[in-house]
Amino acid sequence: MTLGVLAVLAMAFVMFAGFWTDWLWYRSVHYSSVFRTTLTTKIGLFFVFGLLMATAVGVNIWLAHRLRPPLSAMSLEQQSLDRYRMGIDPYKKWLLIGVTALVGLISGASASGQWRTWLLWVNGVSFGQKDAQFHKDVSFYAFDLPWYRFLLSFGFAATVLSLIAATLVHYLYGGLRITSPGARATAAATGHLSVLLGIFVALKAVAYWLDRYGLAVKSSDLKETGNWTGLKYVDAHAYLPAKTILFCIAVICALLFFATLWRRTWQLPVIGFGLMVLSAILIGGLYPAIVQKFQVQPNEQAKEAPYIKKNIEATRKAYGIDKAEVRDYSGVSDASNEKLRGAADTTASMRLLDPNVVSPTVQQLQQVRGYYQFPQTLDVDRYKTKDGKEQDTVIGLRELNIDGIPERNWINDHFKYTHGFGAVAAKGTSTTKTGAPDFTERNLPSKGELGSYEQRVYYGEKTKQYSIVGGPQTELDYSDDNGEKSYSYEGKSGVNLSNPINRAAYAVAFNEPQIVYSGAIGKGSRILYNRTPKERVEAVAPWLTIDGDAYPAVIKGRIQWIVDAYTTTSGYPYASRTTLGDTTEDSLTDGQREVVAQENKVNYIRNSVKATVDAYDGSVKLYEWDTKDPVLKTWRKAFPGTVKDRDQISGELMEHLRYPQDLFKVQRELLTRYHVEDPEQFYSGSEVWQIPDDPTNRGTSVPPYYLSMKMPGQEDQRFSLTTTFTPNQRENLGAFMAVDADAESKDYGTIRMLKLPSETTVSGPQQVQSKFNSDTEIADKINILKRGDSEVKYGNLLTVPLENGLLYVEPVYVRGAGTNYPLLKKVLVTFGDQTAFENTLDRALDVVFGKKSPSPTEPPKNEPDKPDEPSADPTVREALQDAQEAIDAGQEALKKEPQDWEAFGKSQSDLKEALERAAKAEKAAGDKAKNGDKPDEKAGDKAGDRSDADNGGGQNGGADQASADTGQQPADKPERSPGRADG
């Protein structure tokens, strides 16, 4: 008994711990109203529908038992069941309670999952738009119809369970007979079961009536066009009248079943039910098939044209593509080379820094310690330069890498190493001479053009473990050449662990008993969890669909994660559905960048909310963005006070808001077909486009790219999101699409499309890439770049409309034989039939437009960290040789098992000494120059390059190179060297 009581108490506490920790978390982020609303709604639905189901089944079981015939009237068949009746009778009360409780619990749990459906129904607002067939407001299909369908399915379940239970009781107690001669059922059993059957048929009549409206949101296939939502010709002329007729028949049939209460015969109800089944087969199945075969198929295009038009109009409205501007574009320019060259500089700011390729480079140059990391794909944003101009910027946060901690244990994982530190940013349109990112924010602590801001990153995309901060145990803030800096969290986020009940609850929630008794937890200790931006936004707004790409921005001295969120529905009449998971997938999609969808199949989407998550204190703010979205208005009624008005968005935040990628990818997928507004042309499929494969990553769609550019007709560059289309089953270019992505622009969200003539053969992305790969001169240069262990990586292939033509630009990166990160070495450019492969974008443009001749086949050496010619100064040469030997020795020490940290430390000392000798020799050369002696300029250039390589050399000593090769940072690292010996 004691063990049983303890087990029950333990289970109860586990359930309590989950509830209590959820409540504490919502209270800590100041969204307790969301927790209360969802919880009370779930509890209300659980009890209401659980009681309804239990009552329905229980009453029918009780009624069947009460209507049992006397024992004297039982047949031999029924008398054989005496032993079962005798076994049940002593426990029939408890059995009744048990059965009703079981079905009630199951039904209540199922109903509680419909809390979103209930809240939408009870708070729904009008769309102000009516469907084309029944002329009902769209809100009926989006908010009302799903709730009615749930009630109908619940009614069917209750009726069927009651019918089964009543039939079993009637049989057990003699009300029904199977093998005995005479009447098969008593009058009481006949009346009871006929009423239940009548209710079932009446519900079927309601289902037929609702099915009429369901045709407006029904998904099906239409020949030539594939996925289809809404009524077609056969639906309007066969299924719709069939559903109406079947509704009438079902009503009559239900009345016949109810009439058995007086007639006491099954004859008419059975005939009526058989008529209903036969009608369902003939009217609901055979007749529509005949209409489709003999009326529609012979002239399907003409028959379906009115319905295709309705589908086109509804789909374009539902996805916000109805105002897309489409213009014809020749794709072939007749402008002079001089005009084209000038236009190339003003039409777009070519982003040569590919955020997907340069992450390893930023990791190597700016990681600083092995327990930091950058995301696999960096983000693109805009920041103002000192002269006030906007500049495309690639940015990433130096987040905590729990796997890089030198010594893993519970204290280090959750108390000492708690946060990342600082942002790293680089110009998107330029690199250093060596091809490294041209950093505008760098080092640890970060310094640069972003100014002063709170650099600690407690909440980030890579921060998925819980941390306990603010108590007796101090944290590692960051480490530099002067040693480790300690810190204690001063924010208000997280849940206080001073309360022993809280500690016990979290010990259960995280399955970690040390939380209860650890001395590292004390007064002021707080636990931080749910730390990724998408997790936090999804938790405080569980009715939103979250964009896959949260991005950081430095705003008012704080790092803010900006998260785009969507409202969706699958109940927009006539609008074709799309699958978010498939539509938003491209070559950059990984587990971190997947869309978080409440419902995966949708046919309406709006970027209705912009959310921010503070990287230091985790505070979440939701801002209304689409002020006209009826779905958002409905959710704001359901959760009042959770979403701030749009006018509360600060100007500083507005500068960094942008058009979201996932919405753009959904819209471009729909525009492959729905750019066509003529029903006949839509049906023929002659103008269907497709999204090209990523030319550097075949098998996956090319991702859209952020780029500052101007479309034809625009006077200045706009921060835009761009993509390309190719005709179906072809690789030449079909269209170019760009959307104004700058939230401060009056044209924000305007989609502009340039449609190329179908008869032209302007090269598409894959053809351009193939042209690059097949050009013999370029191939020779590529092969030279690949010599040794070097690897060539292609960056984003940018497409820019230029004077009626198309300009393609692709950066080419090289991971040198002595490095493990790529550097920009070449730029591929093509325009029309002209192609160039040069060291810089400017030179490549000059070559393409005839201002300069191509470079010789032999490119500069691809080792990024070595100058082209050796220094003439023997002292510098000797010092640099010694430095290289020190780096080699350090790497060999790290390759040993176990790693030889003593030898590694000696190699770093030798490295530092060698670099100091090189620097002194350089200084001596400079002094000679001042005294009239001619210095060795190459030696000076070499030493200068080596003292601060790639604009990041101060953070990239030999220890960093070695640690990057091994994936780990030394635990007791000697003082950092001022630069790399090999560059």
Neighbour-count order for Cys253, Cys248, fewest beta carbons within 10 angstrom listed first: Cys248, Cys253
On Cα atoms only, tilt of 337-347 relative to the major axis of the chain in degrees: 60
For n ≥ 4 DSSP H runs only, could you compute -39500 (n - 2.57) per run for the chain, divide by its residues and tell me the 222 nm figure to the nearest 500? -13000 deg cm²/dmol
Just want the answer: with Cβ charges of +1 for Lys and Arg and -1 for Asp and Glu, which residue in Ala238, Gly420, Val103 is farthest toward the dipole's positive end in the chain? Val103
Alpha-carbon Rg with Dmax, taken over the chain, Å: 35.7, 133
For the stretch 186-318, averaging the sequence separation of alpha carbon pairs under 8 Å that lie six or more residues apart and dividing by its residue count, the contact order in percent is 31
Normalised by the number of residues in the chain, what is the relative contact order in percent for Cα pairs under 8 Å and 6+ residues apart? 11
Calculated log₁₀ intensity ratio I(q)/I(0) where the Debye formula runs over C-alpha points of the stretch 495-590, q = 0.10, 0.22, 0.26 Å⁻¹: -0.51, -1.11, -1.28
With a 10 Å Cβ neighbour count serving as the proxy for reagent exposure, in which order, fewest first, do Tyr173, Tyr748 appear? Tyr748, Tyr173
Can you check how the C-alpha radius of gyration of the stretch 610-658 compares to 2.2 N^0.38 Å, as a plain ratio? 1.21
The rounded separation in angstrom of the Cα centers of the stretch 508-529 and the stretch 92-161 is 42
Which lysines have a Cα lying under 19 Å from the Cα of Lys523, excluding residues fewer than 8 positions away in the same chain? Lys416, Lys492
Ordered by packing density, taken as the mean number of other Cβ atoms within 10 Å over each peptide's residues, highest first, how do 832-838, 161-167 rank? 161-167, 832-838
Modelled label-to-label distance, Lys852 and Lys644, 7 Å Cα→beta-carbon offset: nm? 4.9
Which percent, to the nearest 5, of DSSP beta bridges fully inside the chain are antiparallel? 95
Among the listed pairs Lys755/Lys826; Lys42/Lys637; Lys130/Lys628; Lys710/Lys825; Lys826/Lys851; Lys323/Lys644, give every one whose C-alpha distance is greater than 21 Å. Lys755/Lys826; Lys710/Lys825; Lys323/Lys644
Between the stretch 367-383 and the stretch 602-672, the alpha-carbon center distance in angstrom: 25
Per the charge dipole of the chain (beta-carbon charges, Lys/Arg positive, Asp/Glu negative, Cα centre), the residue among Ile521, Leu39, Gly448 reaching farthest to the positive end is Leu39
Helix 32-66: angle to the longest alpha-carbon principal axis of the chain, degrees 0 to 90, nearest 10? 30
Placing +1 at every Lys and Arg Cβ and -1 at every Asp and Glu Cβ, with all other atoms neutral, what dipole size does the chain have around its Cα centre, in debye to the nearest 20? 5600
Inter-label distance for Gln714 and Asp322, nm, one decimal - labels placed 7 Å from Cα along Cα-to-Cβ: 2.5
In Å, the C-alpha Rg and Dmax of the stretch 709-858 are 17.1, 52
In whole angstrom, note down how far apart the Cα centers of the stretch 280-315 and the stretch 711-748 are. 37
Order by neighbour count: Asp564, Asp910, fewest other Cβ atoms within 10 Å first, most last. Asp910, Asp564
Can you give the extra length, in nm with one decimal, that the chain gains between Asn820 and Gln129 once fully stretched, where that is 0.36 nm per residue apart less the Cα-Cα distance? 243.0 nm
Sites Ile290 and Leu39, calculated FRET efficiency, Cβ-Cβ separation with R0 60 Å, nearest 0.05: 0.65
How big is D, in µm² s⁻¹, for the stretch 661-717 by Stokes-Einstein at 20 °C and 1.002 mPa s if Rh is the Kirkwood radius over C-alpha pairs? 157
Return an integer: the convex hull volume of the alpha-carbon atoms of the stretch 248-318, in Å³ per residue. 108
Between their Cα atoms, which of Lys781/Lys852; Lys136/Lys601; Lys384/Lys912; Lys621/Lys746 are more than 26 Å away from each other? Lys384/Lys912
Highest first, please rank the peptides 141-147, 262-268, 497-503, 821-827 by the mean number of other Cβ atoms sitting within 10 Å of their residues. 821-827, 141-147, 497-503, 262-268
Stretch Ile411-Ala10 to full length: gain in nm at 0.36 nm per residue minus the Cα-Cα span? 141.6 nm
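Each value in this text was obtained by applying a stated rule to the coordinates, not by laboratory testing. These numbers were taken from a predicted model, which means no experiment stands behind them. Cβ atoms come from the backbone with ideal geometry, glycine included; neighbour counts cover every protein chain shown.
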